């Protein structure tokens, strides 16, 4: 909290690796009590401008119970703390077949969506570039954000990337993630919400779905390129980055350094 | 509610098939608002002795969004209603890899576990006999119930079977389910909770897990048979049922009847 | 086989609901032996022009073992029969997180892909409109087909729809499925395979992925509408169907009929 | 192969981390061709007594395609090599809801089961102690092995542990795994296979399942303890290990050493 104060942070984001690997290893409820105690102490030390974002993750590194494995558990802990405690959604931290946009809508409706760690995955917590695995899902998530007008900073939702670069150049991969979120948001903004509501009320399943899907299938890239040009930016951020020489510069400078790792 | 009043029911148990099949088909948040309205009206009409149990299910028959797909959503709706609204856990209604005993512990800790629909499954909502797919999981669930002394009717948790008999004789299969719950409960009661707590506090992972697993691997069937004999019951309920001739009786009586089905 | 002969069918497509619900219920290997016997007899009765397509499904209606639950099992049965026996892929019949385009590629490489039952799903075997749940996955599957030039009837792959209409008008939903397959195929054809191979050989992960994804994000709908116009067809098949009055005609004609169902 | 020759190994066990992270990154079929080439060269260099075991894994460390993600792919590669190439099953490397004993039975029937990497998991590839997550599944797997009398070394199936110790003492955890496999095997041997076959042929679903489950619920630990005593061994291997002082000895000796890690 001291560091948050010094850096004028508007939020502290908490993720706990804690949990158990084997049935019987610890008392599930007692661990929640201890977690609440620790969070309450931290919460009390937060300034009035600061939010606490409590992330959840289904498994890994703990393999039987994570102390905060799902949004329900995070929600219960946040409700016990107060208004400034909110749930942080990492898009890769769910059971397979979880409908992420649905729980995002639930949290928005309850005023408890604190923010996102964006990334994508095919299997576990793969931490691939955002939108790389299922761009239609990203569009559906952004639609829920757009639908409550929470896409701007005033919306109170913190948007963060949380990706891991094993085989691809890091900075370019992050630019790609930002572009993918931008395109998904532009597509979500294309949905005519009044027309959609009319079709929904009429029970026109195919009509409403077609209107929704039409927005997704629209190619927004030319429009976004034009917008960038109007703003005095390069219309193609990845090409601009490649031309900039920055990648070569850092690769040259960092020769001989020591890579950071997870322990060891 | 009128029927509940006439029958002196202590709980009404609600499960909603409602939801959507396609993205865009309906407004996710607006559906929650309408659900809340309907539940609030029902809740207001409930007598002081009656609880409302709100069941959740991940999918089916709706294939994109269920209105109450998970315990988090059920919890939010229950919290908005009041103390007498609680979550109903159907053991077959979760995403794969969901830790059911964990969420049971969360709901018990929050005073929001209303009851169970017990069954078992390997894949989707298979509705097999309780304990048929993963008896160790059933034991772990019953341990959480035992750990808060909620296994008796006074514990406030409603235990129900919700199984579907496609290929096996119905009554025998239900007796088997009851026996499996009984055996899992007996094993859970065998765990020395003081000794377990000591090992847990000492951080003895293998010791605590071994104590827990030892109870599961103990054969409680002879003990339960003896207990039945002491109570003047047949020690082997399935054999007793088979000898009773009841199955032959109902099969003879019901020849020529019309089977009930799901519609059509 | 007699009916196939009379109707000049080029393929018989087999799916078996058979299996078991409970461990121990039957001998897993013996069931395969009996399945092989039955298939071998049928195979021997097939004319030289006919293929046997053997479909697999992970679960449902059997809930512990399906006799043919996955492509490996179907492949083993087909290999034991001969060249004219091939695997049928239903896109909704896999474990979650299965990479469908990967196994399609494996079957194509082995000369054992018989065809598809196309549909889409978010959870189980939801049988939604093709491409409705994950259009990017459909594109990736069609890319593998295009990559071996098997998209035409001469390619030897049978393309079928297998969807179930619970809430949406049936014919329109099938037109939508056909359009979605058509669009995914057009996008797959847009991928410059030579350029892609160059980027792949160069180990340019982001470049190869971007080229691939660019094709997916291209809006092929105007081009396909133009193509239909050139062929003398209506550019918008769904609008054309709606204008045709066919839906009203069949709804009027079929008033009073009896809906078909699954039994009962 | 040179090392295998020097060490008189009867099998070489291969697992490949190779694959891709992003769609389009590489040609799926071409990778199989290259894999085949490499394996064929190795296979040709193998002595007549040596088997090649080809392991599969659904995902991780590659997050879009693994080159050998499932038993079907491993089988195809092994079939292209010859009789001495067989599939290696790691019990933690499957999609959720995969019926492992079923595919074990398929591989046994095809003469293609090379061996096991035993471990257990609740979620991904958790590498917990064998039998720690689902002891009933371990019993069902061992039943298939017992059912073809392949439990002895002459059976041609290589049994290996592949577990990872994050929080528990390593040697004790391995002893526990061995005990769990031993107990599951003893239970599988208890199943009266003639009686089971009779019930199966009679279509007695509940009877066959009960016979099967009865063996699992039998407490074989006293019998195994007695057997060890008869063999001149300690009846309780974990207690014997604890008493031996070996753990203290290695902990003392290895103070100040450097832990091995994954890279860095």
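Which condition number does residue D:115 fail, the rest of (1) over 27 Å from residue C:60 (Cβ atoms); (2) surrounded by fewer than 24 Cβ atoms within 10 Å (Cβ to Cβ); (3) more than 9 Å from chain C (Cβ to nearest Cβ); (4) more than 11 Å from the chain's Cα centre (by Cα) being met?
Every condition holds for residue D:115 apart from (4).
Mind listing whichever residues of the stretch D:144-158 are in contact with a helix residue (DSSP H, G or I) (Cβ under 9 Å, 6 or more places away or on another chain), surrounded by fewer than 18 Cβ atoms within 10 Å (Cβ to Cβ) and on the phi < 0 side of the Ramachandran plot? Spell out the reasoning first.
Applying the first criterion (in contact with a helix residue (DSSP H, G or I) (Cβ under 9 Å, 6 or more places away or on another chain)) to the stretch D:144-158 yields D:144-151, D:155, D:157.
Keeping just the survivors that are surrounded by fewer than 18 Cβ atoms within 10 Å (Cβ to Cβ) gives D:148-151, D:155.
The answer is D:148, D:150, D:151, D:155.
Residue by residue through the stretch D:16-43, note down the ones that are farther than 28 Å from residue A:169 by Cβ, touching a strand residue (DSSP E or B) at 6+ places or on another chain (Cβ under 8 Å) and surrounded by fewer than 17 Cβ atoms within 10 Å (Cβ to Cβ).
D:42
Would you mention how many residues in the stretch A:59-75 are surrounded by fewer than 23 Cβ atoms within 10 Å (Cβ to Cβ) and out of contact with any strand residue (DSSP E or B) (no Cβ under 7 Å at 6 or more places or on another chain)?
The qualifying residues number 2.
Of all the residues that make up the stretch B:140-173, how many are without any contact (Cβ under 8 Å) to a residue 24 or more places away in the chain and part of a helix (DSSP H, G or I)?
4
Just one of the numbered conditions (1) touching a helix residue (DSSP H, G or I) at 6+ places or on another chain (Cβ under 7 Å); (2) at the interface with another protein chain (Cβ under 8 Å from one of its Cβ atoms) is not true of residue A:141; which one?
Going through (1) touching a helix residue (DSSP H, G or I) at 6+ places or on another chain (Cβ under 7 Å); (2) at the interface with another protein chain (Cβ under 8 Å from one of its Cβ atoms) one by one, residue A:141 breaks only (2).
Scan the stretch C:51-106 residue by residue and report those that are within 25 Å of residue B:92 (Cα to Cα) and in a strand (DSSP E or B).
Of everything in the stretch C:51-106, those that are within 25 Å of residue B:92 (Cα to Cα) and in a strand (DSSP E or B) turn out to be C:65, C:66, C:90.
Going residue by residue through the stretch D:60-70, is there one that turns out to be over 28 Å from residue A:164 (Cβ atoms) and at pLDDT 95 or above?
Taking the stretch D:60-70 as the starting set, the residues that turn out to be over 28 Å from residue A:164 (Cβ atoms) are none.
Among the residues of the stretch D:60-70, not one is over 28 Å from residue A:164 (Cβ atoms) and at pLDDT 95 or above, which makes the answer no.
Do we have residue D:130 as over 19 Å from residue D:174 (Cα atoms), surrounded by 24 or more Cβ atoms within 10 Å (Cβ to Cβ) and either facing chain C (nearest Cβ under 8 Å) or free of Cβ contacts under 8 Å to residues at least 60 places away in the same chain (or both) here? Show your work before the answer.
On the way: over 19 Å from residue D:174 (Cα atoms): no; surrounded by 24 or more Cβ atoms within 10 Å (Cβ to Cβ): yes; either facing chain C (nearest Cβ under 8 Å) or free of Cβ contacts under 8 Å to residues at least 60 places away in the same chain (or both): yes.
When the stated conditions are applied, residue D:130 does not pass them.
So the check is Cβ under 6 Å with 6+ separation or different chains; which pairs have a first residue in the stretch C:175-196 that's under 17 Å from residue A:206 (Cβ atoms) and a second one that's part of a loop (DSSP other than H, G, I, E, B)?
Hits for this filter: C:176/C:129; C:177/C:129; C:177/C:130; C:180/C:130; C:180/C:131; C:181/C:130; C:183/C:220.
Let me confirm something: among C:225, C:197, C:208, which residue is part of a helix (DSSP H, G or I), over 24 Å from the mean Cα position of the chain (by Cα) and under 19 Å from residue A:215 (Cα atoms)?
Working: C:197 fails: under 19 Å from residue A:215 (Cα atoms); C:208 fails: under 19 Å from residue A:215 (Cα atoms).
Testing whether each residue is part of a helix (DSSP H, G or I), over 24 Å from the mean Cα position of the chain (by Cα) and under 19 Å from residue A:215 (Cα atoms) leaves just C:225.
When the stretch C:88-111 is examined, which residues are found to be in contact with a helix residue (DSSP H, G or I) (Cβ under 9 Å, 6 or more places away or on another chain), more than 9 Å from chain D (Cβ to nearest Cβ) and surrounded by fewer than 22 Cβ atoms within 10 Å (Cβ to Cβ)?
Passing the criteria: only C:100.
Are any residues in the stretch D:160-178 closer than 23 Å to residue D:223 by Cβ, more than 10 Å from chain B (Cβ to nearest Cβ) and buried (at least 19 other Cβ atoms within 10 Å of the Cβ), and if so, which ones?
Residue satisfying the conditions is D:177 alone.
Considering every residue within the stretch D:49-58, establish whether at least one is within 14 Å of another protein chain (Cβ to nearest Cβ), under 23 Å from the mean Cα position of the chain (by Cα) and at positive phi. Walk me through how you get there before you give the answer.
The first filter runs over the stretch D:49-58 and keeps only residues within 14 Å of another protein chain (Cβ to nearest Cβ), leaving D:54, D:56-58.
Checking which are under 23 Å from the mean Cα position of the chain (by Cα) leaves us with D:54, D:56-58.
Now narrow it down to the ones that are at positive phi: none.
For the stretch D:49-58, residues within 14 Å of another protein chain (Cβ to nearest Cβ), under 23 Å from the mean Cα position of the chain (by Cα) and at positive phi: absent.
Could you list, in sequence order, all residues of the stretch D:78-87 that are surrounded by fewer than 23 Cβ atoms within 10 Å (Cβ to Cβ) and either in contact with a strand residue (DSSP E or B) (Cβ under 7 Å, 6 or more places away or on another chain) or closer than 26 Å to residue C:101 by Cα (or both)? Working first, answer last.
Residues of the stretch D:78-87 surrounded by fewer than 23 Cβ atoms within 10 Å (Cβ to Cβ): D:79-84.
If the condition is that a residue be surrounded by fewer than 23 Cβ atoms within 10 Å (Cβ to Cβ) and either in contact with a strand residue (DSSP E or B) (Cβ under 7 Å, 6 or more places away or on another chain) or closer than 26 Å to residue C:101 by Cα (or both), then D:79, D:80, D:81, D:84 are the ones that fit.
Just to be sure I understand the filter: pairs with C-beta atoms under 9 Å, separated by 6 or more residues or on different chains, first member in the stretch D:202-224 and within 11 Å of chain C (Cβ to nearest Cβ), second member at pLDDT below 95 and surrounded by fewer than 20 Cβ atoms within 10 Å (Cβ to Cβ). Which pairs pass?
Correct list of pairs: D:203/B:167; D:205/B:167; D:205/B:169; D:206/B:169.
Give the stretch D:203-226 a look and list any residue that's touching a helix residue (DSSP H, G or I) at 6+ places or on another chain (Cβ under 7 Å) and farther than 16 Å from residue D:188 by Cβ, or say none.
D:206, D:207
Just to be sure I understand, how many residues within the stretch A:1-29 are in a helix (DSSP H, G or I), within 14 Å of chain B (Cβ to nearest Cβ) and in contact (Cβ under 8 Å) with a residue 12 or more places away in the chain? Explain how you work it out, then say what you get.
Going through the stretch A:1-29, the residues in a helix (DSSP H, G or I) turn out to be A:2-6, A:28-29.
Among the residues that remain, those that are also within 14 Å of chain B (Cβ to nearest Cβ) are: A:28-29.
Applying the additional criterion that residues be in contact (Cβ under 8 Å) with a residue 12 or more places away in the chain yields A:28.
So the answer is 1.
Quick one: is residue A:188 closer than 21 Å to residue A:165 by Cβ, at pLDDT 95 or above and surrounded by 10 or more Cβ atoms within 10 Å (Cβ to Cβ)? Explain how you work it out, then say what you get.
Numbers: closer than 21 Å to residue A:165 by Cβ: no; at pLDDT 95 or above: yes; surrounded by 10 or more Cβ atoms within 10 Å (Cβ to Cβ): yes.
So residue A:188 does not fit the description; no.
The values are calculated or read from the model by the stated rules, or taken from the named source; none is laboratory data. All figures in this text were calculated on a predicted structure; none of them were measured in a lab. Cβ: placed from backbone, ideal geometry, glycine included. Neighbour counts: every protein chain shown.
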